[in-house]
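The values are calculated or read from the model by the stated rules, or taken from the named source; none is laboratory data. These numbers were taken from a predicted model, which means no experiment stands behind them. Cβ placement follows ideal geometry from the backbone for every residue including glycine, while neighbour counts extend to all protein chains displayed. Quick note on the areas: whole protein, heavy atoms, side chains included, nothing else; ligands and nucleic acids left out. Shrake-Rupley method; radii C 1.70, N 1.55, O 1.52, S 1.80 Å.
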Amino acid sequence: MNISTTRKDFMIVNMGPHHPSMHGVLRLIVTLDGEDVIDCEPILGYLHRGMEKIAENRTIIQYLPYVTRWDYLATMFTEAITVNGPEQLGNIQVPKRASYIRVIMLELSRIASHLLWLGPFMADIGAQTPFFYIFRERELIYDLFEAATGMRMMHNFFRIGGVATDLPYGWVDKCYDFCDYFLTRIVEYQKLITRNPIFLERVEGVGVVDGKQVINWGLSGPMLRASGIQWDLRKVDNYECYEEFDWEVQWQKEGDSLARYLVRIGEMLESIKIIQQALEGIPGGPYENLEIRCFDREKEPEWNDFEYRFFSKKPSPTFELPKQELYVRIEAPKGELGIFLIGDKNGFPWRWKIRPPGFINLQILPQLILLWEKLIVEMVIDITEIQDIHFFFRLESFKEIYAILWIFAPIFILVLGITISVLAIVWLEREISAGIQQRIGPEYTGPFGVLQALADGTKLLFKENLIPSRGDIRLFSIGPSLSVISIIISYSVIPFGYNFVLSDLNIGVFLWIAISSIAPIGLLMSGYGSNNKYSFLGGLRAAAQSISYEIPLTLCVLSISLRAIR
């Protein structure tokens with residue numbers, strides 16, 4: 001560890017080992033100078049299950065159920081690389097239909113992996129909502145996997161020379177529906193995240209890695225492409241049938257955390273484009289090369305001996321691997337996933353070496369922290385604290401002041417419109433109530449009595465403050481204030497535009513409901529604090545009235561107004 005010798009009061013903190021289902025099995029020994037991380041040593045290798053040695057003592061068919069455990073987030077890719085190596089060693093041809101099915105499954109798995117990257121990434125920097133959104137789409141992908149393979153995660157779907165089964169009836173239509181739906185969800189992610197100023201402040205310019213560094217450190221995947229290197233193995237190696245589809249390599253040149261986020265968002269869109277083209281052009285024919293069952297079998301495997309003849313289960317077919325060596329690679333969601341394979345004219349590989357992308361990408365972590373002057377980690381400080389955006393201090397000209405004022409113009413118009421709408425609703429409520437009760441209320445202020453509600457409120461403000469002698473003065477005084485304050489605060493959460501944090505309609509409406517629901521509590525406090533059963537019943541009636549139709553009516557007006565200005 002590279003620790004400065006000028007200071008002696010550093011703090012050593014263990015981050016991890018994490019649970020396998022969270023950030024991966026990773027332990028970080030972090031050196032802190034206050035809240036600044038000055039050094040970080042990644043400790044890798046936890047939960048090592050000897051996957052390479054297991055592969056060297058199994059046939060390929062026997063080993064296939066193991067490989068999905070390499071990476072729970074991208075299970076299809078581990079199966080693909082496991083069968084691609086023997087296929088290239090034995091020069092085995094894959095039917096066109098099987099290759100299209102493989103591409104569809106790989107791209108669905110890429111989307112699922114990127115989604116489960118996006119959710120925890122946003123949670124780590126203080127945004128919890130996307131963490132729940134991504135599981136909504138990810139479950140739909142797993143539904144497609146379950147329908148095609150019978151399993152949601154551990155599929156065992158790829159085979160040497162093809163896939164295990166053909167796509168079931170109706171699966172293609174369901175996949176079309178998912179693609180159309182997911183495109184709308186990507187737009188939602190971009191509205192919620194990409195232009196959020198707090199998100200931009202926390203990722204822009206953080207973790208910068210230039211093109212020379214990523215090449216020297218052997219990084220791959222989004223880490224590589226976010227630093228200006230247009231390198232994607234789907235374009236470079238042309239494996240499967242990717243060259244038949246029209247798609248673009250997603251890349252950015254900034255090399256920071258924002259660039260890596262944009263690359264992954266773009267890759268999900270490109271994956272949808274590839275899936276739609278594959279679904280449209282998927283050919284007929286076999287889904288597996290049945291000829292491989294007839295050649296390159298191991299001559300006399302051990303289980304043909306006498307003591308193995310009475311197994312109740314039929315043994316797996318074995319294929320003799322040629323005496324050659326090969327490195328095969330594919331573009332996994334995290335980067336280059338490769339296998340170095342050596343055959344020895346045997347059913348078992350002589351050597352099976354895995355090149356995992358995440359393991360290689362983590363090498364640069366200590367170097368990144370040494371490059372950054374200040375790295376704030378979510379486990380060191382409370383990242384949920386909203387940082388101030390001091391944009392008023394950056395005004396340099398009247399043009400900028402005019403731009404700031406122009407931002408508040410729609411706010412004023414919207415607040416005025418909502419206020420007028422609420423007054424109209426109250427007037428309509430009084431007219432309907434008077435008609436039902438066959439009486440005429442005091443509707444004299446303004447044309448047709450529209451401003452009577454405003455006049456009543458003004459009169460109430462200047463009315464003599466009467467406090468019941470036997471009541472709870474604190475509750476009786478706080479109750480009305482709580483109701484009024486909640487109504488005023490509710491205006492502050494209305495989403496007005498991309499310059500404000502709450503620029504999403506759904507979030508703004510939910511927050512408005514949460515804040516405005518405080519008002520009935522104030523009414524109940526006032527009724528209870530009066531120490532009079534009739535006043536308390538009046539408070540219950542007012543709270544019930546507010547909950548039953550006043551809040552929903554105002555909510556409808558709010559939603560219509562927001563949709564109108566968008």
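Take residue 370 and decide whether it is loosely packed, with under 15 Cβ neighbours inside 10 Å, more than 30 Å from residue 103 (Cβ to Cβ), at pLDDT below 80 and under 33 Å from the mean Cα position of the chain (by Cα). So residue 370 fits the description; yes.
One residue stands out in region 169-223 among those that are crowded, with 19+ Cβ neighbours inside 10 Å and among the polar types (S, T, N, Q): the one that is farthest from the chain's Cα centre (by Cα), namely 220.
Set side by side, the residues 322, 317, 286 differ, and just one is out of contact with any Pro (no Cβ under 6 Å at 6 or more places or on another chain) and either closer than 30 Å to residue 234 by Cβ or at pLDDT 85 or above (or both), which is 322.
Scanning region 135-192 for residues that are among the hydroxyl-bearing types (Ser, Thr, Tyr) and farther than 30 Å from residue 289 by Cβ turns up 181, 184, 189.
Listed here are the residues, each with its yes/no results for (1) of a type in the set (Ser, Thr, Tyr); (2) outside any loop (DSSP other than H, G, I, E, B); (3) modelled with pLDDT of 85 or more.
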position: 252; (1), (2), (3): no, no, yes
position: 272; (1), (2), (3): no, yes, yes
position: 292; (1), (2), (3): no, yes, no
position: 327; (1), (2), (3): yes, yes, yes
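In summary, residue 303 fulfils each of the numbered conditions (1) at pLDDT 70 or above; (2) surrounded by fewer than 19 Cβ atoms within 10 Å (Cβ to Cβ) with the single exception of condition (1). Those helices (runs of 4 or more DSSP H) of region 126-233 in which at least 1 residues are over 27 Å from residue 81 (Cα atoms), considering only elements entirely within it, cover 129-149, 171-189, 197-203, 211-216. Within region 224-242, being more than 25 Å from the chain's Cα centre (by Cα) and among the hydroxyl-bearing types (Ser, Thr, Tyr) holds for 239, 242.
Yes or no, residue by residue, for (1) under 23 Å from residue 323 (Cα atoms); (2) surrounded by 20 or more Cβ atoms within 10 Å (Cβ to Cβ); (3) over 25 Å from the mean Cα position of the chain (by Cα):
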| position | (1), (2), (3) |
| --- | --- |
| 54 | yes, no, yes |
| 63 | yes, no, yes |
| 72 | no, no, no |
| 76 | no, yes, no |
| 82 | yes, yes, yes |
| 106 | no, yes, no |
| 109 | no, yes, no |
| 117 | no, no, no |
| 124 | no, no, no |
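Selection over region 162-203 of residues that are under 20 Å from residue 267 (Cβ atoms), of a type in the set (D, E, K, R) and touching a residue at least 12 places away in the same chain (Cβ under 8 Å) gives a count of 4.
Quick one: would you say residue 333 is modelled with pLDDT under 75, open to solvent by less than 40 Å² (accessible area, probe 1.4 Å) and not polar (S, T, N, Q)? So residue 333 does not fit the description; no.
Is it true that residue 378 is farther than 14 Å from residue 55 by Cβ and either modelled with pLDDT of 85 or more or open to solvent by 80 Å² or more (accessible area, probe 1.4 Å) (or both)? Taking the combined requirement at face value, the residue does not satisfy it. Here residue 312 fulfils each of the conditions (1) touching a Pro at 6+ places or on another chain (Cβ under 6 Å); (2) modelled with pLDDT under 55 apart from (1).
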